[in-house]
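What follows is a short report on a single structure.
The values are calculated or read from the model by the stated rules, or taken from the named source; none is laboratory data. If you're wondering where the values come from, they're calculated on a predicted model, not measured in any experiment. Cβ placement follows ideal geometry from the backbone for every residue including glycine, while neighbour counts extend to all protein chains displayed.
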Amino acid sequence: MYMIQMKRMIFILIFTLALNIIIPKPARAMNLVGESAILVDVTTGEILFEKNMDKPMYPASVTKIMTVILALEKGNLDDIVTVSKNAATQDGTRIYLVEGEKVRLKDLVYGALLNSGNDAAVAIAEHFGGSVESFVEMMNEKAKVLGMKNTHFANPSGLPNPNHVTSAYDMSLLAMYALKNPVFREIASSKTYDAKWIGNNVHAFIQNHNRLLWDYPFATGMKTGYTVAARSTIVASANKDGRELIAVVLKSDPRAFYKDAEQLLDYGYQKTRLVPILKMNERFTTLNGYEISYIPKENPYIVVVDGKLPELKMKEHFKTKKKIGFFDQTIVKKGEVIGQLAIYNGEKLIRTVDLVATKDIKNSYPISKSSIYFMFAVFAFSIIGFILVLKRKREKQTINGFGWLEQ
């Protein structure tokens, strides 16, 4: 009896531990302090949660995401930047640059993104723009290209300015764009950086201000900010089991903005999941009378909330005819796009996917160039032969006609 009770207790203990491991903790009810926020799935770009996402707000130092990504795209990490008096005397958070010293661009982008150095941001701007004003124009041009419709930058650092505004949605667009750059990813995910100023051989130990890198297990980086007008702001990226999310919070409390970001990310990972939409099996259609096998070029994903799959509709659109060249040996080549698949959630088009051929389809009646050349040669020789025979016949008639030969 004692052994049976012990076995039951062990079984219950193991079962309880298994439940704790397998079943994730439920996401906390959303109780955000931030005035504006958004949560986005990076793979699909779908908005998983939003609060006043289009409202223009002051961004503070999350501005430096734009400053750094432009620097990485326009320069080389080994570029040498000379610090101006304007850069060295910036207000707010600094990495204590000195007028006239020469600094690697690598040290400046780390100093701007990790330590939020306003002096580093201005040094970057002057180096690439020639002036802060010209660089700000580049920032606004890039924002326009990215579709950041509620954004206008007035400086590269995020210091207060009535005309320096953005929105949570716009910052999510910028963050997704920045993550496409592997060097940016590496910088944003760094907890610390040991900088070495060139001019005076001084080492500066820089620590990332983003505490999520220490406190949130799936955090991969990005940027925090604070001014009196903007309050606390954060753009946070995370990766759990290969799934990336971006959370943006604007105008939160200094004691609450990390919690706001964690709530958003927890909601994304615990209440939603990515599922592939399509079966990648081979199918068939007809083109120019030939049977063509095809598959989708990629398998897109859709976000499922609380395990509820949406009702999706699929519509295929194919080329029915294709112009075949005189010398074409194939009707369709492997990997060639032969149509598109439109995917609808209800009546809303959510994605289009190219449909591609799985193998080459040979032309049944090809005419090779060598065959054409041979036929042309035969024809040419025939014409030449005919002309020569005709010429000889005429010469003979002429000679005989004048009676020059003895009969």
> Can you name the residue in region 288-301 that is touching a strand residue (DSSP E or B) at 6+ places or on another chain (Cβ under 6 Å) and part of a strand (DSSP E or B) and, of all such residues, is modelled with the highest pLDDT?
Replying inline: Pro296
> Which strands (runs of 3 or more DSSP E) does region 150-255 wholly contain that include 2 or more residues that are touching a helix residue (DSSP H, G or I) at 6+ places or on another chain (Cβ under 8 Å), under 20 Å from Phe135 (Cβ atoms) and in the same structural domain as Thr82 (by TED's automatic domain parsing)?
Replying inline: 219-227
>> I'd like to check which strands (runs of 3 or more DSSP E) are fully inside region 31-145 and have at least 2 residues that are under 21 Å from the mean Cα position of the chain (by Cα).
In response: 36-41, 47-51
> If you scan region 244-270, which residues turn out to be of a type in the set (Lys, Arg) and out of contact with any strand residue (DSSP E or B) (no Cβ under 6 Å at 6 or more places or on another chain)?
Replying inline: Arg255, Lys259
> How many residues does region 261-276 hold that are surrounded by fewer than 19 Cβ atoms within 10 Å (Cβ to Cβ) and among the hydrophobic types (A, V, I, L, M, F, W, C)?
Replying inline: 2
